[in-house]
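Enquirer: Shown below is the structure under consideration.
Where a number appears in this text, it was derived from the coordinates with a stated rule and is not lab data. Since this is a predicted model, take the numbers as computed values, not measurements. For neighbour counting, all protein chains shown are included, and Cβ atoms are generated from backbone atoms with ideal geometry for every residue, glycine included.
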Amino acid sequence: MSNITEVVNLVEDKLTTLLENYNFLKEENELLYNKVAVLENKIAEEKQLFNEIEKKFTTLKIAKTIEGSKEDRRETKLKINALIREVDSCISQLSE
């Protein structure tokens, strides 16, 4: 009978330890999911900021080439033509 009691006590101890570990890991997992969500939001914000800065840079680059030398004027004309083609494409898609 004593042997059975020892086995039951041992199983109870192991079960208690297992439940404690489970709860600890569950809380840690929840914290990690929250950190991942925060980091994903931060990445999205950084991407949006990067895209805005990239657009501003492109605009500034076009503006600088317009006021620049004759060599830059050719590049500017090519960019303007590309923009016109893009606008024409958008208009044709809208009219469909």
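Enquirer: Given the options L31, L83, L60, state which has the largest fluctuation in a GNM of the chain using a 10 Å cut-off (strictly under) for Cα springs.
Expert: L83
Enquirer: What does the charge count near Y22 come to, summing +1 for each Lys or Arg and -1 for each Asp or Glu among other residues with Cβ under 13 Å from its Cβ?
Expert: -2
Enquirer: If R₀ is 41 angstrom, what is the calculated FRET efficiency for the pair I53 and N23, using the beta carbon separation as r and rounding to 0.05?
Expert: 0.35
Enquirer: Let me ask something else. I want to check a number: in the chain, how many lysine pairs have alpha carbons closer than 16 Å, given a sequence separation of 8 or more or different chains?
Expert: So the count works out to 13.
Enquirer: Quickly estimate the mean residue ellipticity at 222 nm for the chain, helices only: each DSSP H run with n ≥ 4 gives -39500 (n - 2.57), and the total goes over all residues, rounded to 500.
Expert: After summing the helix terms and dividing by residue count, I get -35500 deg cm²/dmol.
Enquirer: Return the single residue from T59, T16, T76 with maximal mean-square fluctuation; model: Gaussian network over the chain, springs between Cα atoms under 10 Å.
Expert: So, out of T59, T16, T76, the one fluctuating most is T16.
Enquirer: With axes computed from alpha carbons, what is the tilt in degrees of helix 70-95 against the longest principal axis of the chain, rounded to the nearest 10 within 0 to 90?
Expert: Helix 70-95 sits roughly 70 degrees off the main axis of the chain.
Enquirer: Which residue, K14, K79, K26, has the most motion in a Gaussian network model of the chain that connects Cα atoms within less than 10 Å?
Expert: K14
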